[in-house]
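Read the structure below first, then the notes.
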Amino acid sequence: MLIGYHVSAAGGLHKAIAEAEIIGCTAIQIFVGSPQVWQTPEVDLAVVKKFKGALSKSKVKKVLVHSAYLPNPASHKNTLRRMSLKKMKEEIRVAYAIGADGYNFHCGSNQNSNEEGLKLATETLNRLAELSDEKYPIPLIIENDAGAGNRIGDTIEELAQIWRGIKNKKRFGFCLDTCHLFVSGIDLRTKKDIDALVKKFDKLIGIQHLKFIHVNDALFELGSKKDRHALIGQGYVGTVGFKALLHHPKLRTLPFIMETPYGGDSKGAISSRIKELKFVKKLAR
Ligand SMILES: [Zn+2]
Ligand SMILES: [Zn+2]
């Protein structure tokens, strides 16, 4: 199965592969630069070569790039949307250069209304695809949000609304984050809940467009809108729901990527992930 973590690329992108190998990942997610800044590192061919070399020798089969935190495709401010578009395009360029399997991002927030946010996000995403279709044609992956404040794209209905407005549908796909689903009010604690989620996604969007899953337990309750991830089985979702998720025939073949917190100190961090991954693989058996 394809499973792993968001791993650190501090000290060079190839370092992410080294960490993934120690933990035992077959799928990973990375940032291609600091997620807190607007600048994106230029594509450095030596770095790309190092990354691809390490990747080809590793067990990692899927690489997802997560966008920086700053872009807001749904913003009511023109300048912010323009900056977001530029930033996302730059990151897509790097993601494409390193041979990533997708570029994952959130739809953002809008201070006026959800309706306006959905409309503007759809416009920004269509433009993003147009600007990168020819040169950097990697899949653009829309992640569901936890839905706090004015953030959009937390319900399947909102994701479906964006999807209906997407022009080049071949270019796009979705990533569902279990913590975000849960805190936005979608229960995942039983097999029945997981079945209902898959059914709903299939009906409103089409399950074939779901490309990745972020597997995170939730530190806060159902509907709390608080986006804090917990270790698998140690949060409010719990092991029954995750077991059903990992076993669902329509989800099982997708890459599962955990963004759970590192446990322990910097040394214990990796060993806590090794332990957690073993635990999740056991649930998936
Ligand atoms: Zn995310
Ligand atoms: Zn996520």
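No lab work stands behind these numbers, since they all come straight from the coordinates. As the structure is a computational prediction, the values presented were derived from the model and not from experiment. When we count neighbours, we look across all protein chains shown, and the Cβ atoms used for this are built from the backbone with ideal geometry, even at glycine.
One table, with the values for the structure above:
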| quantity | calculated |
| --- | --- |
| Mean Cα-pair separation over length for the stretch 166-244, i.e. relative contact order, pairs under 8 Å, 6 or more apart, % | 38 percent |
| Fewest-first sequence of S84, S56 by Cβ atoms within 10 Å of each Cβ | S56, S84 |
| Amide H within-cut-off set for Q29, under 5 Å, with H built and near neighbours excluded | Y5, H6, V7, L64 |
| For A74, residues with placed amide H under 5 Å, excluding near neighbours | S109 |
| Nonlocal amide H pairs with N144, under 5 Å, H built at 1.01 Å | C175, D177 |
| Three-way shape label, the stretch 28-132, alpha-carbon gyration tensor, a/c 1.5 | prolate |
| The stretch 3-284: C-alpha gyration tensor shape, a/c 1.5 cut-off, then a/b vs b/c | oblate |
| Theoretical gain in end-to-end length, K59 to S113 [0.36 nm per residue, Cα-Cα removed] | 15.0 nm |
| Estimated Rh, the stretch 155-285: Kirkwood, alpha-carbon pairs, angstrom | 15.3 Å |
| The stretch 164-285: antiparallel DSSP beta bridges as a percent of all, rounded to 5 | 25 percent |
| MRE, 222 nm, helices only [DSSP H, n ≥ 4, -39500 (n - 2.57), over the chain, to nearest 500] | -13500 deg cm²/dmol |
| Packing-based exposure ordering (other Cβ within 10 Å, fewest first) of R93, R151 | R93, R151 |
| Footprinting exposure proxy for Y262, Y236, Y69 (fewest neighbouring C-beta atoms within 10 Å first) | Y69, Y262, Y236 |
| Student exercise, the stretch 3-284 dipole from Lys, Arg, Asp, Glu Cβ charges, in Debye to nearest 20 | 760 debye |
| Sites matching GluC sites (Glu not before Pro) across the stretch 50-143 that sit in DSSP coil, with at most 11 neighbouring C-beta atoms within 10 Å | E134 |
| Residue of L188, L80, L254 that the Gaussian network model of the chain assigns the largest fluctuation, springs spanning Cα pairs under 10 Å | L80 |
| Point-to-point label distance, K203-N168, nm (Cα→Cβ direction, 7 Å offset) | 3.3 nm |
| Long pairs among K192/K226; K77/K135; K86/K281; K77/K226, criterion Cα-Cα beyond 30 Å | K86/K281 |
